[in-house]
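Heads up, the thing below is written out as structure tokens.
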Amino acid sequence: MSFGKMKYNREKVSKQAGETMVIGIIGGGASGMAAALAAAENPEAQVLLFERQARLGRKLQATGNGRCNLTNLHAMEGGYHGNEPQFSKAALSAFDVDKTLGWFRSLGLFTVAEDSGRVYPYSDQANSVVDVLRFALEKPNIRIFTGFEVTKVKKTANGFSLENGEESYDCHKLIVACGGLAGTKLGGSMSGYKLLSKFGHRCTRLRPALVQVKTSWGGVAGLKGVRANCKAEILHDGAVFAASQGELQFTEVGLSGPVMFEISRDVCQGGGDWVCRLDFLPHVDMASLEAELIRRRQTNLNVDELLTGILHNRLGRVLTKAAGVRSTQDISGLGDEEIKAVCRTVKAFEVKLTEPLGMDSAQVTAGGVLTAGFDENTMDSKTVPGLYACGEVLDIDGDCGGYNLQWAWSSGRMAGLHAGKDSK
Ligand SMILES: Cc1cc2nc3c(=O)[nH]c(=O)nc-3n(C[C@H](O)[C@H](O)[C@H](O)COP(=O)(O)OP(=O)(O)OC[C@H]3O[C@@H](n4cnc5c(N)ncnc54)[C@H](O)[C@@H]3O)c2cc1C
């Protein structure tokens, strides 16, 4: 069945109020779909899932470069941030990685874990994840409204009413699963923050995270598309601010790839000098590299080939040049100091960072609605009975590698289960 063509019953639910508990969910992304499935486990509950885009899970479909890194085997060990990162623990423990993988298996999804702990669908297609969720949502007690942007919500005597300017629906419980501002082209928006602020919930400053960082170094454009395994350290006014090791990717304007995403959170915020120091051979010490390059002096190759077989050719040439070695000479003519300079450049290459790219390029939003206003064991609001929030709209963001989707599944499931069961 094609979900895009499904006909939905748009009959107003207010008629049923009092007979069946109605749970409204705003946002048909990762956390909203998890919440809907959990809430609908109570056969007495009627779930209404509202998604402003034409299809459910549009962002999910683009995750992991189209492969969807749906969780990480190490997600239970930490890797979450926010004003109160410990807020995430209850949901992540209640619906941990094992339970999440079991749940996906029960929905028909085969998965595979990489050595790094990143888990992907066995099909290697994010579509598979979206599809099993959409199939599972085909339940008699779930109604899906796509192309429905909730623009207004208000508290009523029996719960809430929500509308898109043309139609309005009532529900007893309301789950806000609108996601964050990151990935604006894929649906990221301010919507969830605004809707929750109507109920008095406050939001932190929002910053892009898991994002490419721009550099003022002119050589970067020539390396566009080059990937390198390296250790990267971010220095703020000379002190190490963050460090990681993994794959770096050069882009036209800056540094990207998993290693950069890992350490991009809050980079270039609050003034000062921001520098990225790169070690392109973290597993080889300076002395061994120097010995190898000295051995290469016995060849009669041009210095452009000095790092051939060690690094990507283009990167090798750029680093040799950056070390101040003339490209017209032969390797055999290099002095000891020149060899040392090349080694230093390979092991500690510094580029100045200027700013992270914007929210449209970021994978996740750092910051969000303050978790202090919500109960970590249920995801419901401490001040507005029957109101729940889950996923990226809350002030929780995770490391690169499946952590953010794990938060979406765990928090979404917790919100859905409690909204489906609670009777307040
Ligand atoms: C390019 C990219 C790649 C990523 N890759 C990964 C990855 O591989 N692994 C990982 O763990 N994380 C990844 N992330 C992050 C991850 O996708 C998000 O953290 C996660 O999707 C958040 O889930 P959510 O349900 O909170 O929000 P979303 O999945 O963004 O869903 C929110 C939904 O709410 C809808 N909505 C918003 N406002 C309204 C409204 N007023 N009315 C109706 N509907 C509304 C939106 O259209 C959207 O569909 C990636 C993000 C991006 C942008």
Hey, any idea what the orientation-averaged projected area of the convex hull of the stretch 139-219's Cα atoms comes to, in nm²? 8.8
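Excluding A372 itself, what net charge comes from residues whose Cβ is under 11 Å from its Cβ, given Lys and Arg +1 and Asp and Glu -1?
Spelling it out: positives minus negatives among the neighbours equals -2.
Of K59/K321; K99/K154; K152/K214; K89/K198, which ones are farther than 32 Å apart at the Cα?
Details: K59/K321 41 Å; K99/K154 35 Å; K152/K214 38 Å; K89/K198 27 Å.
Distance filter (> 32 Å) returns K59/K321; K99/K154; K152/K214.
So how much slack lies between K382 and T299, counting 0.36 nm per residue of separation and subtracting their Cα-Cα distance, in nm?
Numbers: separation 83, 0.36 × 83 = 29.88 nm, distance 7.26 nm.
Gain in length upon complete extension: 22.6 nm.
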How many angstrom lie between the Cα centre of the stretch 200-242 and the Cα centre of the stretch 366-424? 28
Projected onto the charge dipole of the chain (+1 at Lys/Arg Cβ, -1 at Asp/Glu Cβ, origin at the Cα centre), which of S381, Q363, N141 gives the Cα projection farthest towards the positive end? N141
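FRET efficiency for M286 and Q86, Cβ-Cβ distance as r, R0 = 35 Å, nearest 0.05?
Working: r = 41 Å, r/R0 = 1.16.
My answer for the efficiency is 0.30.
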Can you tell me which of 197-206, 362-371 comes out highest on packing, and rank the rest after it, using the mean Cβ neighbours within 10 Å? 362-371, 197-206
What is the distance, in nm, between label points placed 7 Å from the Cα along the Cα-to-Cβ direction at S168 and at A221? 5.5
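Remind me, relative contact order of the chain in percent, using alpha carbon pairs under 8 angstrom and six or more residues apart?
Numbers: 970 pairs, mean separation 106.0, N = 424.
It rounds to 25 percent for the chain.
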Over the stretch 281-393, what is the relative contact order in whole percent, taking alpha-carbon pairs under 8 Å and six or more residues apart? 21
Note down the nm distance, to one decimal, between modelled labels 7 Å out along Cα→Cβ at S116 and at D96. 2.4
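If each residue of separation counts as 0.36 nm, what is the full-extension length gain between H74 and V240 once their alpha-carbon separation is subtracted? All intermediate terms of the calculation are to be shown ahead of the outcome.
Values: separation 166, 0.36 × 166 = 59.76 nm, distance 2.46 nm.
Taking H74 through V240 to full extension adds about 57.3 nm, to one decimal.
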Computed over the stretch 167-217, the relative contact order (Cα-Cα under 8 Å, seq sep at least six) in percent reads 22
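Give me the net charge for the shell around S256: Cβ to Cβ below 13 angstrom, other residues only, Lys and Arg +1, Asp and Glu -1. Kindly include the intermediate steps, with their values, before the conclusion.
Numbers: positive: K214, K224, R227; negative: E247, E252, E262.
Taking every other residue near S256 into account, the sum is 0.
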Run down the aspartates and glutamates and flag those whose C-alpha is under 16 Å from the C-alpha of K173, throwing out any fewer than 8 positions away in its chain. E19, E41, E44, E163, D375, D380, D422
If R0 is 45 Å, what FRET efficiency do you get for E252 and K139 from their C-beta distance, rounded to 0.05? 0.45
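Report the gain in length on full extension from N127 to D330: 0.36 nm times residue separation, minus Cα-Cα distance, nm rounded to one decimal. Can you show the working numbers first?
Working: separation 203, 0.36 × 203 = 73.08 nm, distance 5.25 nm.
Going from the current span to full extension adds 67.8 nm.
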Can you list, largest first and rounded to whole Å, the semi-axes you get for the stretch 98-247 by taking the square root of 5 times each eigenvalue of its Cα gyration tensor? 38, 26, 15
For the chain, whose charge dipole is built from +1 on Lys and Arg Cβ atoms and -1 on Asp and Glu Cβ atoms, the candidate among L174, L334, L235 with its Cα farthest towards the positive end is L174
Globularity index of the chain, i.e. its alpha-carbon radius of gyration over 2.2 N^0.38 Å: 1.15
How many nm is it between the label spots at L107 and A62, if each spot is 7 Å from the Cα in line with the beta carbon? 2.0
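Every read-out reported here was derived from the displayed coordinates using simple, explicitly stated rules and does not represent laboratory data. Owing to the predicted nature of the structure, the values given are computational and were not obtained by experimental measurement. In this analysis, Cβ positions are derived from the backbone assuming ideal geometry, glycine residues included, and neighbour counts consider all displayed protein chains.
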